[in-house]
């Protein structure tokens, strides 16, 4: 693992994040373009997409990494006129199946644009058989992709080790939805499974940290920077549980990963507004992202309540330009990283300028 010399414009963005995390006073707002929500014409800059099931995995690990980088750089070209706080970043991903098959060894089922895997745990015996396997081809693919990302880096993007499942999400992937009745019918088995999930996340993170360097003394996750080492975890399955269930079966294991990894950055969804406050209590939490869900309230519409339940941890959530203009006074009551969904670049530039004018940094 060697250090990377980042380009000045990217270094300037990192310094804004450094200032953001150094001051815990309310009123600091960063804003980054939610590029997955923006209609971008990739063909206009010479990038042609390719269906996921047209690749031969794991053999095509390096070629697919290069394809992902071409897309990232095409995206950068298309949004170049918006000087927001988004750090272009990349990490290995082949759809959701990769997040568990690198440990379970289950079959990866591929579709045109995502992957999935059937539950690998049918009972206690299957849990006992789980263990890290350096020869697992999907584990090998993750390392090969990360090496290629680092080899090709000209200082114009950051590499994130992996988008990990949190322990409860991991257990859900391995056990399927039987997990939600296991909480009541087989709690000791669930605790054993959670132990294995902690083992898996820490194993993968430790091995990828041998490949992926820190980014100017910090970690980049989903286009944001935070100081020191931290690990991304999703807590989507926790959103389907009561706060009490998460407190018993989720948070203790999430905290073990956070403590061992040096901190954490957690993602969950609007379906979990009821458990948001409990997730926010995870020790070592650097930032907490709450995303959108169909047929659920938008988190940005519950901002004062979310600030109160988050307890000072920086909040990350999605918004539209109209929210920036209508809710700027509410936004200034806490520390916030906005993911801006916009229809065009002119609208984005104006919204970013407005946020900058009203933010402490």
Relative contact order of the range 28-95, defined on C-alpha pairs under 8 angstrom at six or more residues apart (%) | 51 percent
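Order these by the 10 Å Cβ neighbour count, fewest first: 25, 104. It would help to have the intermediate numbers written out before the result.
Details: 25 8, 104 24.
If I rank by nearby Cβ atoms, fewest first, I get 25, 104.
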Average Cα contact separation per residue, the chain, under 8 Å, 6 or more apart, as relative contact order % = 23 percent
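At a Förster radius of 35 Å, what calculated FRET efficiency corresponds to the Cβ-Cβ distance of residue 189 and residue 327, to the nearest 0.05? Display every interim value, and only then the final one.
On the way: r = 45 Å, r/R0 = 1.29.
Computed FRET efficiency for residue 189 and residue 327 comes out at 0.20.
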Two pseudo-spin positions, 7 Å from Cα along C-beta at residue 54 and at residue 36, lie apart in nanometres by 2.2 nm
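Arrange the peptides 3-9, 294-300, 271-277 so that the one whose residues have, on average, the most other Cβ atoms within 10 Å appears first. The partial results should precede the final answer.
Numbers: 3-9: 12.4, 294-300: 14.6, 271-277: 19.7.
Descending packing order for the listed peptides: 271-277, 294-300, 3-9.
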Proxy reagent accessibility, fewest Cβ within 10 Å first, across 174, 306 | 306, 174
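How many times 2.2 N^0.38 Å is the alpha carbon radius of gyration of the chain? Write down the numbers at each step before the final one.
Values: Rg = 20.0 Å, N = 361, 2.2 N^0.38 = 20.6 Å.
For the chain, the normalised Cα radius of gyration is 0.97.
Quick one: which of 319-327, 279-287 comes out on top by average Cβ neighbours within 10 Å, and what's the full order, highest first? Don't jump to the answer; show the numbers that get you there.
Numbers: 319-327: 17.4, 279-287: 20.8.
Ranked by mean Cβ neighbours within 10 Å, highest first: 279-287, 319-327.
Readers should treat all values here as calculations from the given coordinates under stated rules, not as data from a laboratory. Remember, predicted model here, so these are calculated numbers, not experimental data. With ideal geometry, Cβ positions are generated from the backbone for all residues, glycine too; neighbour counts draw on all protein chains shown.
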